[in-house]
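Below is one structure, written out as structure tokens, with a few remarks after it.
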Amino acid sequence: MPVVVAFFSFASAGAAESGFIGMQVQGMSPAIAEALGLSRARGVMVRDVALGGPADKAGFRRGDIILSFAGKDIETFEQLVEVVRTIKAGQELTATVRRRGKQAKLALKAGKWLQPWLISKGSFTTIPETGLTLSALTQKVRERFGLRWGSTGVVITLVDPNKAEGIDLRRGDLILQVNQEDVWKPKQVAAKYRQAKGNGKKFLILLVEGVNGFRFSLLKVK
């Protein structure tokens, strides 16, 4: 089986001091090389790129095969991992990729880790009036609910049907924003709710990612 890693997972291993790349990659295999018409399994494939991240801005695309990175030839997945661990925020580097049979050189500037990408410990909270239980998006929670790589936000883990009547929210939905402000901790959503209630507001507007993509949903303040 090919080896897979999301670069953001290095944060949970204590490597958050390294620069942020924003890319998910997969090791090559002889079978993949053959399918692509290559003579041997060399390089590392790009599976996904974080929207707006350093790799995205540099021009990396899904399906690219990374042949060199930061001045180092890349033959294997393990080599790329070791190189990326040494990259610092603000560091400028070049990479060579193979794309549709041709080579291209890309220039990348590593970024700083943003808080939503550094979630490693689980946390939960409940908003009793709404019947919603919320969880931080750890890797374990991501896998449990089948949430895509690169997504950030707060996961709805439970919905009490006795209190959630008329609410357009489902178990497994991901709340990205509350009233146009990014959230990544359950307590942030709860605080926004309490603030709205204290100010006499009737609704909060949530940016939600679900099985059918993104949508705005209204959460009634009770």
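The values are calculated or read from the model by the stated rules, or taken from the named source; none is laboratory data. No experiment lies behind these values; they were computed from the predicted model shown. Note that each Cβ is placed from the backbone with ideal geometry, even for glycine, and that neighbours are counted across all protein chains shown.
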- [ ] Could you list all residues from region 102-125 that are touching a residue at least 60 places away in the same chain (Cβ under 8 Å), out of contact with any Pro (no Cβ under 8 Å at 6 or more places or on another chain) and either surrounded by fewer than 17 Cβ atoms within 10 Å (Cβ to Cβ) or small (Gly, Ala, Ser) (or both)?
- [x] LYS112, LEU114, GLN115, LEU118, SER120
- [ ] Considering only region 84-132, give the strands (runs of 3 or more DSSP E) lying wholly within it that have at least 1 residues that are touching a His at 6+ places or on another chain (Cβ under 6 Å).
- [x] none
Task: Answer residue from region 133-149, given it is in a loop (DSSP other than H, G, I, E, B) and among the hydrophobic types (A, V, I, L, M, F, W, C) and is surrounded by the fewest Cβ atoms within 10 Å (Cβ to Cβ) among those - done: TRP149
Open item on the list: So, in region 175-189, how many residues would count as being outside any loop (DSSP other than H, G, I, E, B) and under 17 Å from LEU218 (Cβ atoms)?
Closed with: 6
Open item on the list: So in region 50-81, with the set limited to residues that are touching a residue at least 60 places away in the same chain (Cβ under 8 Å) and not in a helix (DSSP H, G or I), which one is farthest from the chain's Cα centre (by Cα)?
Closed with: LEU51
Open item on the list: I need the full set of residues from region 47-73 which are modelled with pLDDT under 95 and surrounded by 20 or more Cβ atoms within 10 Å (Cβ to Cβ), in order please.
Closed with: VAL49, ALA50, GLY53, PRO54, ALA55
- [ ] Might you check whether a residue that is over 15 Å from the mean Cα position of the chain (by Cα) and either among the acidic types (Asp, Glu) or farther than 22 Å from PHE60 by Cα (or both) occurs anywhere in region 83-94?
- [x] yes
Task: Condition met for LYS197 (in a helix (DSSP H, G or I), over 30 Å from ARG62 (Cβ atoms) and in contact with a strand residue (DSSP E or B) (Cβ under 7 Å, 6 or more places away or on another chain)) - done: no
TODO: For region 146-157, name all the residues that are in contact with a Lys or Arg (Cβ under 8 Å, 6 or more places away or on another chain) and either of a type in the set (Lys, Arg) or at pLDDT below 95 (or both).
DONE: TRP149, SER151
Task: Near pairs, Cβ below 6 angstrom, 6+ apart or cross-chain, from region 201-221 (crowded, with 19+ Cβ neighbours inside 10 Å) to any residue that is among the charged types (D, E, K, R) - done: VAL208/ASP173; VAL208/ARG215; VAL221/LYS197; VAL221/LYS201; VAL221/LYS202
TODO: Could you please tell me which pairs satisfy a Cβ distance under 8 Å, a separation of 6+ or placement on different chains, a first residue in region 28-44 that is without any contact (Cβ under 8 Å) to a residue 24 or more places away in the chain and of a type in the set (A, V, I, L, M, F, W, C), and a second residue that is surrounded by fewer than 14 Cβ atoms within 10 Å (Cβ to Cβ) and in a helix (DSSP H, G or I)?
DONE: ALA41/PRO30
Open item on the list: Just the residues that are within 19 Å of ALA190 (Cβ to Cβ) and either crowded, with 18+ Cβ neighbours inside 10 Å or in contact with a strand residue (DSSP E or B) (Cβ under 8 Å, 6 or more places away or on another chain) (or both), please, taken from region 150-167.
Closed with: THR152, GLY153, VAL154, VAL155, ILE156, THR157, LEU158, VAL159, ASP160, ALA164, ILE167
